[in-house]
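Bear in mind these aren't lab numbers, they're just calculated from the coordinates by the rules spelled out. Remember, predicted model here, so these are calculated numbers, not experimental data. Quick reminder, even Gly has a Cβ in these numbers, built from the backbone with ideal geometry, and neighbours come from all protein chains shown.
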């Protein structure tokens, strides 16, 4: 039996269904992310796990015990909020010790735990400061320490890095992962940032409009998206109009070129199927070779320099295709108007 | 050559741009607040100076300490005491009632419209004082007032037989509370609006009961605002005159009524003593402000300075 289990939980506000029949099983020590656009129900689902909202249907069990209707304070679940939510009237030490104080632990024990938590987030010297004296990143570290001080069974993080600037965000997310792995704590993390979700998680739950689109390890989600929504939401994707499909030979026609595709990935096709391919799967300049190779030739419409990646927009018989190539120090950029050949394997594309 | 021309044009444009900006002159910076300084000079600073100097003069204009020595007569001391007591009682009662109501309309889940309704009422009621307020209470809670009669005839409760009297300390406190609690609602609502929902959730999440959240988080955070509101209520009540005068007609000798009778009275006319009484009131308020300052400093050490 899974350590934490969400079975068929739904949440309805008035006539709007915010969360619809969500199922999830997480093992002990697993890091799970809820990923999706705003309003997809990921935060509501997290809040139901925390106990701030109650599902209209379904149940939540933690380590075998039904906690669906248990008040938040009896759940022993730690939570980190987007806005830090540190108590402004308490020092850093008092904030971290608050959860231990509610558990009526002896003073020495609280002090010892507070010191231990502060050492974990590397803020030992800030114990007597008030929240307003700390930066956003420091406040969020303290909030994390406060949530972990109570030795929770599960740690919940609700977009904890969204209010921070880019550099701190990158630093802190690695820190969160390090601490999670050291403590081996089961974690549910809500984010709309796919990079964050993929980098941190053992498994990602992609959500849209209240329901789960796909659950799986980051590489699975990225390479084998189960639905069109997942394919489009996670990463960049070319969706090219297809004029004719021959399932028997697994070929189709895209912008006047015959393309071979992978049949095993193809699911039931929509009325107007499209060919999906990631921009980084397209290679430029090499001549097409072998039975598995596809070739598209066209003209470069624009070149965007993104740092590590150079993004080419290529017009192939009126169809715009995005291709990403790696930057090199002495690269000679192709220019708009240049003729170009794009190659890709049949395993790189699939029909949606 | 063309580059050079470009440069000259740019510089010229820059200079032009600087010239069209409004001049940052001393006059334009201060003109907006000038009426404030004029008003404070004429109606706070000068009257205060005159008040203090005249408090040290006798009727003939000679220097004297007599007025201040007279303050220590039992009648005057008792009227200071009753004013302080009534201000303290109504600040506390009005403050508590106002806080609870403000809490209900901000944190509580009331239907839309209740909040704005109560806030509008508070805006009006906090300014409803003086003769109209006194009359309203006489008409309702007086010996033959509507509420008194209703209670007596319908519920067979005679509040006057039970010891209530509108023209007493209790009655006056009740009347004052009518304008005190709406004022508290007005001053405390913004502070309650500033409470973050996440503080409560974080406390719950960490295992705190509702009581512990109130004691350890909510009240400490609101304490500076509550104290500020209550000191305002104290001052509001301490300086009130017309309500008490028209309700009790001097039955209860508030210090403001004493000042009034010394300055405009036909019998007790002694303006020097009146000024000294007023200076005494300023001193009482100063002492209150010092207490307030000390309490507030203790309760807000976590606030951004």
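Points worth noting:
- With R₀ set to 41 Å, the beta-carbon distance separating residue A:101 from residue A:292 gives a calculated FRET efficiency near 0.05.
- Model label points for residue B:64 and residue B:209, set 7 angstrom from Cα along the Cα-to-Cβ axis, are 6.4 nm apart.
- Note: region B:243-305, Cα convex hull, 117 Å³ per residue.
- Separation of the residue B:164 and residue B:268 label points, Cα + 7 Å toward Cβ, nm: 3.0 nm
- Over 43 Å [Cα-Cα, the protein assembly as shown], rounded percent: 53 percent
- Each residue of region A:236-351 gets 103 Å³ once the volume of the Cα convex hull is shared out per residue.
- Segment residue A:309-residue A:284, extension gain: residue separation times 0.36 nm, minus the distance between their alpha carbons: 7.6 nm
- Residue exposure sequence - A:134, B:51, A:174 - by fewest surrounding Cβ within 10 Å: A:174, B:51, A:134
- Extension gain, residue B:136 back to residue B:107 (0.36 nm per residue minus Cα-Cα distance, nm): 7.2 nm
- Cβ-Cβ distance of residue B:154 and residue B:174, R₀ of 22 Å, FRET efficiency by 1/(1 + (r/R0)^6): the value works out to about 0.60.
- Taking 7 Å steps out from each Cα toward its Cβ at residue A:338 and residue B:51 produces label points 8.5 nm apart.
- Diffusion coefficient of chain A by Stokes-Einstein, Kirkwood radius over Cα pairs, 10 °C, 1.306 mPa s: 69 µm²/s.
- Modelled FRET efficiency - R0 22 Å, residue B:78 with residue B:294, Cβ distances, 0.05 increments: 0.20
- Pairs of Cα atoms nearer than 8 Å and 6+ residues apart set the relative contact order; for chain B it is 27 percent.
- Distance from region B:175-198 to region A:271-341 (C-alpha centre basis), Å: 64 Å
- Counting only DSSP H runs of at least 4 residues, each contributing -39500 (n - 2.57), and dividing by the residue count of chain A, the helix-based mean residue ellipticity at 222 nm comes to -7000 deg cm²/dmol.
- Put in order of Cβ neighbour count within 10 Å, fewest first, the listed residues B:259, A:204 become B:259, A:204.
- Across region A:54-91, the residues whose backbone nitrogen lies under 19 Å from the label position 7 Å along the beta-carbon direction of residue B:219 are A:87-91.
- Relative contact order %, region A:4-232, counting alpha carbon pairs below 8 Å whose residues are six or more apart: 28 percent
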